[in-house]
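The values are calculated or read from the model by the stated rules, or taken from the named source; none is laboratory data. All of these numbers come straight from a predicted model, not from anything done at the bench. Cβ atoms come from the backbone with ideal geometry, glycine included; neighbour counts cover every protein chain shown. The area values use the complete protein model at the heavy-atom level, side chains included, leaving out ligands, DNA and RNA. Shrake-Rupley method; radii C 1.70, N 1.55, O 1.52, S 1.80 Å.
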Amino acid sequence: MRKGMRIGLSCCVALLLILLASACSNVMPLTTTHNNVQAQTKTLDQQKKRPTPEALTPQQILQKSSNAMNNLTGVHFTLDAKRQNITPSGTTPNPSGNILQTLQTLVPLPGAAAYNSWKEGAGDDAGTHGSQIHLKEQTDPPLFQPGSGYAFTMDQRQQADDSTYLLGEPIANQKWYVISSHTLVKQNATQIYVLSGMSQIRNLLQLTMQAGKVSDKGLEKMNGSQLLHIHATFDEEDRTALRAIDVENYSPFFASIQTQNTSGSSDFWIDPATGYVYRASSTVVYKTTENDAMPTVTMQQTLTFNCSQFNQPVTIQIPAQPIPANNINQIYHYQP
């Protein structure tokens, strides 16, 4: 009898232990689940605090854009640069059309000092692997009129090994030349346009972040994309830097002339998700100080870039057997 009671008591104890173990096993997942909920809640809170592209400030968008444009491995761009005399005189030059298609007279005029200058070009930048550009320029001292002024065509290709290739004259038998980029940039009346494309946009972004009074103009649709328009204005002391970025117009002739800047601004149209700049532009209006070289005039200088084909492969054809040169005058010169 006692033996049966002991067996029954043992069974009860065992059953109790099993129930306790079962209860503990049921409680543990609840504790783990609670911890997981806390972790998930914390992660969601952090995500809420992290700014979305729509919530970024204009300065944050510009910084994101600067990083994105600095890391590009390939991009196609077009440019339109104008320097115009806008002094009230009854008529203001108003170039229109497409000089890449319409201009036929190709007279080399590097460093020309005409008041009015209009450049259009298209190129590709492959990051550290090189870049290329095709550019045409029209200059006209009084006004832009059909058949007046002069035109100049330029083809440049550049490699990371300090070699710049330029298609030079004579017009009837153009040949490719090769010259050191460092040598070329040090010579007067010379700009290496092929080096200025993406670097101008990057420099304009940096200057805008550092010195611009930035405002958000909201989303605007451009070529099917919703882009954020950011506008900036500059104080008097910063407009010279803004003008200097525009190397397409900033010839040594005008660099040597004292000016009084009157206004300056920059604009960007940026994809807020990627930071890519689809369009960048700058405008500077300034008054020259009268001297022996030229009278006092009010000039307007504009530069517009349009970018596309981000990070797509870029092929730069290097000319075969180019003629070595060490001076710009060996490449562009008048023929008898």
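Brief remarks on what is shown
- In this simple spin-label approximation, Lys221 and Asn326 carry label points 7 Å from Cα along the Cα→Cβ vector, and these lie 5.9 nm apart.
- Ordered by solvent-accessible area of protein heavy atoms (1.4 Å probe), largest first, the residues Lys186, Lys64, Lys287 come out as Lys186, Lys287, Lys64.
- Figure legend: label point modelled 7 angstrom from the Cα of Asp235 along Cα→Cβ; residues of segment 197-214 with amide N under 20 Å from it are 204-214.
- Multiplying the residue separation of Thr262 and Gln174 by 0.36 nm and subtracting their alpha-carbon distance yields 27.4 nm.
- Solvent accessible area, Å² - His129, 1.4 Å probe, full protein context: 140 Å²
- Solvent-accessible surface (1.4 angstrom probe) belonging to Glu120, in square angstrom, nearest 10: 20 Å²
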